[in-house]
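So the structure is just underneath, and the comments pick up after that.
The values are calculated or read from the model by the stated rules, or taken from the named source; none is laboratory data. These numbers come from a predicted model, not from an experiment. Positions of Cβ are generated from backbone atoms using ideal geometry, with glycine treated the same way; all protein chains shown enter the neighbour counts.
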Amino acid sequence: MHLPLIAHTDPHAVVAWRHGAAISARRFLADVRTLAAMLPPAGHILNACSDRYRFAVGFCATLLAGKTSLLPSTYTADTLRQLADFAPDCHLLCEDDPATQVLPAMRFPALDDAEPDGAFEVPRIAADHVAAWVFTSGSTGTPVPHRKRWGALVANVRAEAAALGFDPAHPATLVGTVPPQHMYGFESTVLLALLNGAAFDAGRPFYPADIAAALARARPPAVLVSTPFHLAKVLDAGIALPPAALLLSATAPLPDALARRAEAAFGAALLEIYGSTETGQVATRRPACDEAWTPFPGVRLETRETRTWAGGGHIEEEVALSDLIEHLADGRFLLRGRHADLVNIAGKRTSLGWLNQQLLGIPGVVDGSFYLPDDDGSAIVRLAAFVVAPGLTEAALRSALRARMDAAFLPRPLLFVDSLPRNATGKLPRAACAALLAAHRHGER
């Protein structure tokens, strides 16, 4: 079976907006064919383009050329070298000088801005073609590959469009604050647009004013694809926000209060997406109204002993989930924390997620996170916490924490910082927390 590369059947339909200019389906496919003919003979292309349009052209050109994309979680020199071990023939598609790269590379070429002529024909891709290998970091830091076939990606994103209530008669414009290489950004900006007749904005606004401006210029109905971190920053900035048709959030738990604030500020429903790199998107919910998650059609969650496994639907192989799942009688489910987040201090149990909610709920706390260091066997392991709270004293913050949690979970140390080293999706990598704590301990000497 072969499936179309894009869902747009009208050559004049808008696929993307770049620097305020509309890009038609005809021009997009012309750019895809041009790049596909220029790709090196390598079987694997590592697409590092940050411009969302260039990324989309690169991904589709890779498919059209019968190749496979590599999508790692980071693009550090060490990660690239590790990917070269996984796929020795990989070639980097980048926007920088190829001579500065650690892998064989080609720069994304200049493309013709003119509207092309000729027949409009949408290519079709074999459903069993391995469209991409996506990578999680792994416990050792070595990227762990997960295969994504074209048919499974199409099924996943079509299910997402149905869950979000997309109307083909009124194609949306997707504005994303997340990078296209991240699984959420890949699925919910690039693929969601291409496979459902919608359009995406080529930029990746980060600062609140840029996000507001991108939404304001987007052709309605506009959908903001973001994260709890970015949503909180936008709402806390105190700027005028344009209306949106829909808000999406993923990558981290979304507090109910933040969801309600966002819905009021943008005048739109906010839907949260649950999933992972391994599974793709699995379920949705509207946290301002309901705690329960509704799985995508065909997706099954089965708990065996202490772990829940996801399978069926678009999921190619059963995957053990990192989260604690509570099944409901109507087929929906609740999230009750993560296995890796469980904390046992002096015989008392909680989760890092719950502790973070308590910390972030204290008035005056702008950002913050608890951290449980690895047990090196040299001393009692104690929780640490990093916090951005310029208007609070340590004594006031400790008093507020003491009112919210058992004394066993009070952080030692409690470190005030100017900002947290969150990544592009708003997550706080464990390695970054370890470095912060190490720097503090070194400074005490």
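Please go through the range 211-237 and give me each residue that is of a type in the set (Val, Ile, Thr) and either part of a helix (DSSP H, G or I) or outside the structural domain of Ala265 (by TED's automatic domain parsing) (or both), ordered by number. Of everything in the range 211-237, those that are of a type in the set (Val, Ile, Thr) and either part of a helix (DSSP H, G or I) or outside the structural domain of Ala265 (by TED's automatic domain parsing) (or both) turn out to be Ile211, Val234. For the range 156-194, a residue qualifies if it is in contact with a helix residue (DSSP H, G or I) (Cβ under 9 Å, 6 or more places away or on another chain), under 14 Å from Val223 (Cβ atoms) and not aliphatic (A, V, I, L, M), and the qualifying residues are Glu160, Phe166, Pro171, Thr173, Gly176, Thr177, Gly185, Glu187, Ser188, Thr189. Contact annotation: residue pairs with Cβ atoms under 8 Å, 6 or more positions apart or on different chains, pairing a residue in the range 301-314 that is modelled with pLDDT under 90 with a partner that is part of a strand (DSSP E or B), are Arg307/Ala320.
Per the listing Arg147, Arg158, the residue uniquely among the basic types (Lys, Arg) and either free of Cβ contacts under 8 Å to residues at least 60 places away in the same chain or part of a loop (DSSP other than H, G, I, E, B) (or both) is Arg158. Checked against the criterion of being in contact with a His (Cβ under 6 Å, 6 or more places away or on another chain) and either crowded, with 19+ Cβ neighbours inside 10 Å or at pLDDT 95 or above (or both), the range 176-183 contains one or more residues that satisfy it. Just so you know, in the range 271-287 the residues that are touching a residue at least 60 places away in the same chain (Cβ under 8 Å) and more than 11 Å from the chain's Cα centre (by Cα) include one that is farthest from Ala131 (Cα to Cα), and it is Leu271.
For the range 184-225, taking the residues that are modelled with pLDDT under 95 and among the hydroxyl-bearing types (Ser, Thr, Tyr), the one that is farthest from Leu63 (Cα to Cα) is identified as Tyr207. Taken over the range 290-308, the criterion of being surrounded by 16 or more Cβ atoms within 10 Å (Cβ to Cβ) and not in a loop (DSSP other than H, G, I, E, B) is satisfied by Trp293, Thr294, Pro295, Val299, Leu301, Thr308. Of all residues in the range 405-429 being in contact (Cβ under 8 Å) with a residue 24 or more places away in the chain and in a helix (DSSP H, G or I), which is surrounded by the most Cβ atoms within 10 Å (Cβ to Cβ)? Checked the range 405-429; the qualifying residue surrounded by the most Cβ atoms within 10 Å (Cβ to Cβ) is Phe409.
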